[in-house]
1. Which ³J(HN,Hα) values in Hz, rounded to whole numbers, follow from the phi angles of the range 45-62 under the Karplus curve 6.51 cos²θ - 1.76 cosθ + 1.60, where θ = phi - 60° and Gly and Pro get x?
2. List, largest first, the extents of the alpha carbons of the range 246-296 along their principal axes, each in whole Å.
3. Run through the DSSP bridge list for the chain and note the antiparallel percent, rounded to the nearest 5.
4. Given R₀ = 25 Å, what would the calculated FRET efficiency be for Ser222 paired with Ser49, taking r from the Cβ atoms and rounding to 0.05?
5. Starting from the Cα of Thr307, step 7 Å along the direction of its Cβ; do the same at Ser272; then give the gap between the two resulting points in nm.
6. Against the globular-protein guess of 2.2 N^0.38 Å, express the Cα radius of gyration of the range 215-273 as a ratio, rounded to two decimals.
7. Between Glu315 and Ala12, what length comes free when the chain is fully extended (0.36 nm per residue of separation minus the Cα-Cα distance, one decimal in nm)?
8. Can you list the HN-Hα couplings for the range 214-220, worked out from phi with the Karplus curve (6.51, -1.76, 1.60; θ = phi - 60°), rounded to whole Hz and with x for Gly and Pro?
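No value in this document is a laboratory result; all are computed from the given coordinates. Source: prediction; values computed, not measured. Glycine gets a Cβ as well: all are built from the backbone with ideal geometry, and neighbour counts include every protein chain shown.
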Amino acid sequence: MTLAEMVACVDARVRPLLVRLLPARWVVAFYSWARQVALHWLVASTPASMLAPPPSVGRVLWGLRFRAPLFNAAGMFKTGEGYELAYRQGAGAYLAGTTTALPRMGNIRRGIALPFVPYPHSAAASNWLGLPNPGHRAVAARIATFPRYEDFPIGVSVALDPGMDTTEALERLLEGLWLYRDAGVDFFELNESCPNTGDDTAGFDALAERLRVITERFVRPSGAPVLIKVGADANPAMIAELVALAGSLGFGGITIGNTSTDYQRHRLGLASPDRRVFDYFVRTFGGGISGEPLRADVLERVVVARTAAASLPSEFHIVATGGIASSQHLADVLAAGATLAQWYTGYFERFARDGHELYRTVLTPLVKPDPLPRGYGG
Ligand SMILES: Cc1cc2nc3c(=O)[nH]c(=O)nc-3n(C[C@H](O)[C@H](O)[C@H](O)COP(=O)(O)O)c2cc1C
């Protein structure tokens with residue numbers, strides 16, 4: 001057992017007690033710090049063996065072969081760390097970022113940097129990180145040094161710089177996309193959905209206009225698949241409209257979804273021992289909710305997107321993200337029409353139980369038994 005596995009396993013046992021008993025501010029302060037330390041240990045830890053996914057779960061999208069349909073969601077490896085770890089654990093791909101053009105320190109309030117808290121009785125979490133990252137250029141330079149592995153595409157999540165003049169932000173985003181393309185990135189995810197930067201993306205028309213510019217200046221000339229990531233709260237009618245538009249412009253797909261800010265509704269779904277800390281977090285930071293509370297919403301929106309994508313002339317995929325923590329959850333989103341899936345909160349839950357075997361545990365039940373040999377049976 002590696003140090004990261006041991007710490008995750010111990011933490012999973014004490015976490016419910018800490019969240020139930022300690023003052024809410026202490027819990028948030030501790031886990032905001034502990035999340036960063038744990039991530040550091042995780043990426044420094046090496047699985048004892050290479051855990052390649054079963055070959056039959058692989059798939060080809062946009063001419064790229066993914067050796068499995070599941071990989072990390074954006075925000076887990078913000079600085080381009082964890083590439084070897086993801087490969088050795090058996091992920092289907094690797095996703096870096098979200099990055100912006102300018103480096104960002106992320107949010108700090110009431111003496112707590114990068115606020116984060118888990119809700120252990122509800123398989124959920126809240127964060128108000130505010131897109132901390134070292135910038136497109138730094139992460140692209142790191143990715144350019146990665147060794148390449150077969151059937152293991154590299155993706156990157158990018159966002160407009162919050163607070164920057166819109167025209168300049170778009171120019172810098174395009175610059176970043178090309179830096180990544182030159183660094184060997186295979187697919188892209190445009191984060192149009194972060195609830196933690198204080199920047200309200202100014203509506204569908206502005207988004208549509210941005211997408212047209214990105215099509216002209218990146219999607220068409222590069223030929224690279226670009227996904228658009230929306231929130232798990234996104235209005236289903238808007239998703240249908242966005243799929244039609246993005247598909248007609250040549251985007252590669254849609255990722256559904258980012259964290260939720262529907263606090264009132266999700267509060268009711270949380271287990272009661274988690275509500276005290278949840279109330280403190282929302283009151284103090286706001287932030288986005290992740291994990292199990294998103295699952296049903298994501299599933300519903302995947303169906304909407306799939307239906308809207310059915311009439312598109314070009315290849316367009318749905319990537320499900322939100323509340324995936326088991327083989328059954330993964331099977332459900334794939335059956336609903338997603339072609340790929342990502343996990344974040346569920347990844348850490350699973351890691352506490354299965355350690356570096358987590359992808360194997362989730363992917364193995366998806367393997368269909370071999371059909372009976374020809375001529376076998378009556
Ligand atoms: C601590 C944390 C940081 C995140 N950072 C990002 C980010 O930088 N970019 C992004 O698109 N999503 C980010 N997300 C959202 C996740 O990518 C994912 O969409 C969301 O957590 C729902 O998936 P889950 O239920 O599997 O956690 C973050 C989530 C968490 C919990």
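1. 8, 10, x, 4, 9, 6, 10, 5, x, x, x, 6, 8, x, 7, 10, 10, 6
2. Extents along the principal axes, in whole Å: 46, 22, 14.
3. Numbers: 15 of 43 bridges.
Of the beta bridges lying entirely in the chain, close to 35 percent run antiparallel.
4. Working: r = 37 Å, r/R0 = 1.46.
So, using R0 = 25 Å, E works out to roughly 0.10.
5. For the pair Thr307/Ser272, the computed spacing is 3.8 nm.
6. Numbers: Rg = 15.8 Å, N = 59, 2.2 N^0.38 = 10.4 Å.
Cα-based Rg divided by the globular estimate yields 1.52.
7. On the way: separation 303, 0.36 × 303 = 109.08 nm, distance 4.11 nm.
That pair, Glu315 and Ala12, stretches by 105.0 nm at full extension.
8. With coefficients 6.51, -1.76 and 1.60, one gets 5, 4, 4, 9, 9, 4, 5 Hz.
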